[in-house]
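The values are calculated or read from the model by the stated rules, or taken from the named source; none is laboratory data. Note that the coordinates shown come from a computational prediction; the quantities given were computed from them, not determined experimentally. Cβ placement follows ideal geometry from the backbone for every residue including glycine, while neighbour counts extend to all protein chains displayed. Each accessible area value is taken on the protein alone, full model and side chains, heavy atoms only, with ligands, DNA and RNA left out. Shrake-Rupley method; radii C 1.70, N 1.55, O 1.52, S 1.80 Å.
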Amino acid sequence: MIEVLAKLGRGPVFLAGEVLECVITFTNPLSASSTSASSEMLAWASAQIHCQFHASENRVALPPSDGSKHDVQAENETVFVPNRGERGQCILSTPPKILFCDLRLDPGESKSYSYCETLPIDGPPSFRGQSVKYVYKLTIGCQRVNSPIKLLRVPFRVLVLHGLKDYQFPQDEVVAPSNPFLEEEEGLKKDSRLADLATELLMVATSRRSLHLYNISNTRGKVGTFCIFKTVYKIGEDVIGTFNFSEGDIPCLQFSVSLQTEESIQEEFQRRRGQPVSFSTHARHQEACLHTAQSSFSLPIPLSSTPGFTTNIVSLKWRLHFEFVTSGESAGTCLVRGSQSEAVTWTGVEQIEVDTFSWDLPIKVLPTNPILASYVSQFSSTNSITI
């Protein structure tokens, strides 16, 4: 028996273009109850990253795939197919890398191997929607002699930030002594600079503030105004907005604001013409506001959500969806005088004629620092299997 343990050192979330590093440890455990422990032998082990795409047959019409399926593992087959048995199509994969050949482990002995690979910068982000899914996995395959291949899959999340692909790092950014025996550190240095650049680009894009004022009106007149200071955010931030109903001619009884994503399939891949768009609500604020001069809301963008993106099949956009309930009468008629003789009390009317209308405000949502997103990731940094 051999235990295989894979550990992602920095966490399970990465930016496209970063270097993924995983330490894979093979151990021949020494059991206290075992009296005849023996050496174990593995023929080979290899690792590869792939992105699996899955689409809902009811919503997406995909062209037939020419790739052959590998759902059954032959007894003595030595072909390493990382997505064997997976649903959907493998749309992206890195070249496989051999970790070792002919590894012998004595009882209680373990050996570790480091796997490093740059994540393709032109791939889609990780996404689990109502119509399509993009799932990234690091698959480690190993095999005993004359035995089936065993696969250890390590799922992780990929965020895509547009603009990193076209950035060229200066050749001589810093003049400093270099060590010719540590050339491999150059890749890690570039990876660190890439993360720093992404953080800087995100900060610049999301820190710009300018006052955006919108008049809220229906067919009968003005209800109020809405104010927001920016329309570009990164996941993990709060969307904050304020209302001013004091200048409105039409009383607003209630309003609600929903933070939503809009998932739409490109026209050539739609199962039916005029197929409706899929909406998902991530946060919602509702408030009764009759006789309220000003109000506000704060909606958090979950760190686990997917920033906006577009591929040849699907597009994901973010928006604020507003719903207003207004009175069909003036503000004064929304109250009635009580019947008490000594004191005057005012109570709400039992029935009132209302109008409802909605409004959508598009916003832009970008990724965040992958280390921050790792804290709330559903994936584990450590995965294991026993062969």
Roughly how many whole Å is it from the C-alpha centroid of segment 245-279 to that of segment 367-387? 33 Å
Working out 0.36 nm times the residue gap between E287 and F100, then minus their Cα-Cα distance, what length gain in nm do you get to one decimal? 61.1 nm
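Compare the peptides 376-384, 115-123, 360-368 by average per-residue count of other Cβ atoms within 10 angstrom and give them in order, highest first. Show your work: numbers first, answer last.
Working: 376-384: 14.7, 115-123: 16.3, 360-368: 19.0.
Answer by packing, highest mean first, reads 360-368, 115-123, 376-384.
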Farthest positive-ward along segment 256-325 dipole, Cα basis, beta-carbon charges - from S258, S315, S304: S315
Could the peptides 205-214, 87-96 be put in order, highest first, of the mean number of other beta-carbon atoms found within 10 Å of their residues? 87-96, 205-214
Give the calculated FRET efficiency between S93 and S38 to the nearest 0.05, with a Förster radius of 35 Å applied to their Cβ-Cβ distance. 0.45
Simple SL model, points at 7 angstrom along Cα→Cβ for Q130 and R144; separation in nm is 4.8 nm
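State, as an integer percentage, the relative contact order of segment 191-236 based on alpha-carbon contacts under 8 Å between residues 6 or more apart.
Details: 38 pairs, mean separation 15.5, N = 46.
Relative contact order of segment 191-236: 34 percent.
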What's the extension gain from V277 to S384 if we count 0.36 nm per residue and subtract their Cα-Cα distance? 34.6 nm
Going 7 Å from the Cα of R208 along its beta-carbon direction, which residues of segment 219-252 have the amide nitrogen within less than 13 Å of the resulting point? 230-233
Could you please put T356, T386, T25 in sequence from largest to smallest accessible area, using a 1.4 Å probe? T356, T386, T25
Could you state how much accessible area E86 has, in square angstrom rounded to the nearest 10, with a 1.4 Å probe and all protein chains kept in place? 40 Å²
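For the pair S296 and F357, what calculated FRET efficiency results from E = 1/(1 + (r/R0)^6), where r is the Cβ-Cβ distance and R0 = 22 Å, to the nearest 0.05? It would help to have the intermediate numbers written out before the result.
Details: r = 21 Å, r/R0 = 0.94.
Here the calculated transfer efficiency is 0.60.
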